[in-house]
Amino acid sequence: MNIIENLFAVSPYIALFITLALGYLIGKITIGRFVLGGIAGTLLMGVLIGQFGVQIDPGVKTIFFALFIYAVGYQGGPQFFSALNFKTINVLLSAVVMTVTGLLCVLAAAMIFDLDSGTAAGLAAGGLTQSAIIGTAGDAISQLGNVTEEAKQLMQTNVAVGYAVTYIFGSLGPILMVSWLIPSFMKWDIREEAIKLAEQQSSGKPELAPGEFNALTDLVSRAYKIDADSDLIGQDIQQVNRGLFDIAIEMVSRNGESIEVDKSVKLQAEDVVVITGRREAIAGHVGSNANEVNLPAGSSLIEENRQLVAKDAKLIGKSLAEIKASVNRDTFRGVYVTDVIRGGRSQVITPEFVVHKDDIIQLTGTAKDINRVQNSIGKRLGSVFATDYVLFGLGMVAGLLIGLINFEIAGIPVTIGSGAGCLISGLFVGWLRSRKPQMASLPLGASNFLRDFGLAVFVGVVGLQAGPQAIDTIKEHGLTLLFLGVGVTIIPQIISFFISYYVLNIKNPIEALACVAGGRSANPGFAALLEKAGNATPVFAFTVTYAIANVLLTLWGPIIVGIISTQ
């Protein structure tokens, strides 16, 4: 054991990465429908490995949590601002129900079990996982006028004791509630419900899981042989292609050989033409003029997808059909509009669809053809794999600066905190990206890594730091305080969920679960919900309730001290 302790003392980050590895390993354990999950597994392993006395700079926990919450905000920014409506009132009330219920549970436990102000405040800080209560309660204790200095010191120590004993389950409980217990009771499949919600938010377009793809693509290529009596015979390629929307002849094979397609080529009987375009357009315009055939083996038609940001003032406010007629008037090959993204969401494409400034228009065609029309539409969008480190850095700076803001409510000091600050800045930068697509790029793979790895490190450090103190305190004070913490953690979640679902009418499963996590600032619980959901659908409800909970839970510290001290 001494060897391990010395190793962790020399390089504590070895302990951290062992915690992550073993945590995610045991997180794969499945019992019936219950899967522990990597976040809960990491927290438990952190507590166990923390018994070796691992010392890690607390700043590591702060910065990785900031990265996690910034990535969460960035991914959910467009949906968050577009979802703000009267429904937000119910979500806000859900957070109020959660926090008030938590306060009442703490006060009831304190009165029934005769807890002093410090222990009760520590119970609230750990059971409701709001560390700020430690500070506000400690300050309130120091202001008590009818208590000796020795008694004040004891109560302030008890704040830390209560927090240490109850914090671990305070973090683990929401994970179990939102990722297993409530979904199992309600017979919800979190991933399935998240996909449904994502489809609703994207106008019915299906959300694809990793490895999935839509086999029924809008753009298809098919080969037809020209009949001897076809009215296409004698027409050149430009004549045939003119007047069609998102459909064109891309290749011509004559006598078994591909020929160069240019304006001078006229179609002949027995020619095999390759038509590329939208499925319904091909069926409507070509089916009656030709017979479909197979292309010779080895035939290829190389095209690319290129995204352009609509900037040309002459095209803004015009329909796609008008734009195609304008930019493609002298061409004889096809360039196809295969997607239009507005505000971070794909739109339903029709010839009548009107383009707005900063819409992202995805063109499909050969590089040569797209190059020809690109300047008539807008500027090419930068690589989807490159990160805009300028705005990423500035966004993090802004979030950390916002976190330093502090103010008073009824004389009680409240600090925004780096977590809430980086969530706010992430939401704004993500929204900015959806409005100005040439700015603030943070690829999905990169933001997913920041989100998942940031939270994993945060939870691992929490476990490593809290483990030794919690175990020692349990040995010293028995299990009563631990069980009280379990009650304070679980009971408000149950009450809040049923009130949110049945009274406040928050019927969507993902939103209801996100309200449970956000209403008690349960970051690990939210991370577990994100892990199960597989997309950013829980972000909106969590963000709204998280903001309210941070303020109200912080205020509970002096309120608990004031009420208990007068008993």
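The values are calculated or read from the model by the stated rules, or taken from the named source; none is laboratory data. Nothing here was measured: the structure is a model prediction, and the numbers come from that model. Because the Cβ atoms are built from the backbone with ideal geometry, glycine has one as well, and the counts that use them run over all protein chains shown. Just the protein is used for accessible areas: all its heavy atoms, side chains included, with ligands, DNA and RNA removed. Shrake-Rupley method; radii C 1.70, N 1.55, O 1.52, S 1.80 Å.
Cβ-Cβ contacts under 7 Å between residues 6 or more apart (or on different chains), taken from a first residue in the stretch 529-547 that is acidic (Asp, Glu) to a second residue that is modelled with pLDDT under 85 and surrounded by fewer than 24 Cβ atoms within 10 Å (Cβ to Cβ), are listed as Glu531/Gly38. Across the stretch 508-567, the number of residues qualifying as of a type in the set (Ser, Thr, Tyr) and within 18 Å of Thr489 (Cα to Cα) comes to 4. Consider the stretch 482-537 and keep the residues that are hydroxyl-bearing (Ser, Thr, Tyr) and in a helix (DSSP H, G or I). The one that is most open to solvent (accessible area, probe 1.4 Å) is Tyr502.
Of the residues in the stretch 151-163, none is in contact with a Pro (Cβ under 9 Å, 6 or more places away or on another chain), crowded, with 21+ Cβ neighbours inside 10 Å and among the aliphatic types (A, V, I, L, M).
The criterion of at least 2 residues that are in contact with a helix residue (DSSP H, G or I) (Cβ under 6 Å, 6 or more places away or on another chain), farther than 13 Å from Ile560 by Cβ and modelled with pLDDT of 90 or more is met by the following helices (runs of 4 or more DSSP H) wholly inside the stretch 51-167: 87-112.
Say whether the condition of being buried (at least 17 other Cβ atoms within 10 Å of the Cβ), of a type outside the set (Gly, Ala, Ser) and at pLDDT below 80 is met by at least one residue in the stretch 290-297. Checked against the condition, which is being buried (at least 17 other Cβ atoms within 10 Å of the Cβ), of a type outside the set (Gly, Ala, Ser) and at pLDDT below 80, the stretch 290-297 yields no hits at all. Consider Leu552 carefully, then state whether it is over 22 Å from Phe453 (Cα atoms) and either assigned to a helix (DSSP H, G or I) or without any contact (Cβ under 8 Å) to a residue 12 or more places away in the chain (or both). Yes, satisfied. Only a single item in (1) modelled with pLDDT of 70 or more; (2) within 24 Å of Thr364 (Cα to Cα); (3) open to solvent by less than 20 Å² (accessible area, probe 1.4 Å) is not met by Ser230, and it is number (2).
Assess whether Ile134 counts as being among the aliphatic types (A, V, I, L, M), within 23 Å of Ala533 (Cα to Cα), surrounded by fewer than 24 Cβ atoms within 10 Å (Cβ to Cβ) and touching a residue at least 40 places away in the same chain (Cβ under 8 Å). Write out each step before concluding.
Numbers: among the aliphatic types (A, V, I, L, M): yes; within 23 Å of Ala533 (Cα to Cα): no; surrounded by fewer than 24 Cβ atoms within 10 Å (Cβ to Cβ): yes; touching a residue at least 40 places away in the same chain (Cβ under 8 Å): yes.
It is false that Ile134 is among the aliphatic types (A, V, I, L, M), within 23 Å of Ala533 (Cα to Cα), surrounded by fewer than 24 Cβ atoms within 10 Å (Cβ to Cβ) and touching a residue at least 40 places away in the same chain (Cβ under 8 Å).
Does Phe332 satisfy the criteria of being touching a Lys or Arg at 6+ places or on another chain (Cβ under 6 Å), over 23 Å from Ala541 (Cβ atoms), hydrophobic (A, V, I, L, M, F, W, C) and modelled with pLDDT under 75? Taking the combined requirement at face value, the residue satisfies it. The residues in the stretch 555-565 that are open to solvent by less than 10 Å² (accessible area, probe 1.4 Å) and among the polar types (S, T, N, Q) can be counted, and the count is 0.
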